[in-house]
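Comments concern the structure below.
No lab work stands behind these numbers, since they all come straight from the coordinates. Just so it is clear, the structure is predicted and the values come from calculations on it, not from any experiment. For neighbour counting, all protein chains shown are included, and Cβ atoms are generated from backbone atoms with ideal geometry for every residue, glycine included.
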Amino acid sequence: MAKRLVIGGLLAAAVVQPAFAQSRVDMFTVSGRFELPKAAPPLAGTLRVGTVTQAKDADLQFGIGPNALKTTLSQSLQASLRNFGYLQADAASGVAINVELASPKLTSDKESVTATSRLSFTVKDGAVPACMPASAEGTFQALKPKKADTGGSWLATLAFSAVAVSAGYIPTGLVQSQVDNSASQNAALNARRVGGKAEGVAPSGSSTEMQTYAAINATQVAIADFINAMGVCQAAAAQQTAAVN
Amino acid sequence: MKKVLVLIAAVVALAGCVSIPPNPLTPDARQALFVKDVAATWALTPPKKEPKKPVDPVEFKAAQTDVETRLTAAVGNAFASSPAGADGVTFKIEIKRFTPGFLGSVGGDVTVIRVADNKVLGVYTDVFGADTSGAQGGLIGLAIAAASKPDSIGIMSNQFATNLRARFERKK
């Protein structure tokens, strides 16, 4: 039995890798999960992302530098447009949309941080296509994660550590192991919480990380609002045309 | 000193032998999808009494239900916002190995199925998750972890999801 445990531990140590941070671009991108209407003619396959600008200090809310934010936003807008059939594959043609990101507005209480993000869209040297909105807005509430009750385990570790240190044994590995266990249990607990489209459990309870999480997701909801507005408008226009004919 | 160096070289060489199957999905294919649903099925039956370690089939059944819920939640969480493509897929987990309790483990294959046409895009074989509570603390750590009764199924489910994410991220 003991041999099986040791082999199991070794195998786990060989296979287990640190948790992967999910791609930052993907966190802003509107995927098919949003179930928004797809593009239809004449807007289908006609748009591309032009310049992306941001209000002064807007990047501070996102935890990344201004250039990184512009690049991330540009890539995620491009991916979002592609997902719903609006992207013009040829970078030299199509309608280039210029995007400006305002500083997200943040409010917070004991249990959550709420961010509202606003995007403005313009088209340089050309007529704005019908059904393309001039602005879009998204709101997201980041909830504070719950913590698993590992008090008993921590107390046992600390008590044992005190005894072990006094006996000349420094249990650094043991303390680290307890930190890992605690993190795993928190993740297990939070995996069972259910969030809506405009709210979610933040990966960490620190106010800075909750603000960042809320700002990123609010911007994603704003991009979704932009795509949804185009889809709804196109569907309504198609219905009108059908009614006239 | 020479012996130590030879030993280190041997350990490094052996570590390199831990083979992980190639990624069944290309980077382009991965970017085009998002995980819409995660489901778990069982490819094993509750064990009958083993001679040395009796397993209560009722308790095992309860643990099976728990692992099914927690495993699907953990995998869903690991792929919640990424990838962010247009095509919805289901991750179908076929659980082939499961040992409940402290230092238990769960393992199986994960089939990626496109929702639109039920096409199988790829299979991640032998994904594995274990409750290694206290393993880093040696025997003392194991003793304390056993006494504190950690959330074994939660831990092994999260490790399974982390390992699957790592396999999914691999370039080749």
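Which order do peptides A:82-93, A:233-244 fall in by mean Cβ count within 10 Å, highest first?
A:82-93, A:233-244
Count of lysine pairs in segment A:12-131 with Cα atoms under 23 Å apart, counting only pairs 8 or more residues apart in sequence or on different chains?
5
Going by average Cβ neighbours within 10 Å, how do the peptides A:42-52, B:154-164, B:65-75 rank, with the highest at the top?
Per-residue Cβ counts within 10 Å, averaged per peptide and sorted highest first, yield B:154-164, B:65-75, A:42-52.
Could you pull out every one of the aspartates and glutamates with an alpha carbon less than 12 Å from that of residue B:171, ignoring same-chain neighbours closer than 8 positions?
B:28
Which whole number gives the average, over all residues in A:223-229, of C-beta atoms from other chains lying within 10 Å of the residue C-beta?
Partner Cβ neighbours, averaged per residue: 0.
For peptide B:150-157, how many partner chain Cβ atoms fall within 10 Å of a residue's Cβ, on average?
Average per residue, whole number: 6.
Taking 18 Å as the cut-off for C-alpha to C-alpha distance, list the pairs among B:36/B:96; B:36/B:92; A:146/B:92; B:36/B:61 that go past it.
Among B:36/B:96; B:36/B:92; A:146/B:92; B:36/B:61, the Cα-Cα distance tops 18 Å for B:36/B:96; A:146/B:92; B:36/B:61.
If you take each beta carbon of peptide A:25-36 and count the beta carbons of other chains within 10 angstrom, what is the mean?
Other-chain Cβ atoms within 10 Å of each residue's Cβ, averaged: 5.
Can you list residues whose amide H is under 5 Å from residue A:88's amide H, if they're 5+ apart or on another chain and H is modeled 1.01 Å from N?
A:46, A:47, A:48
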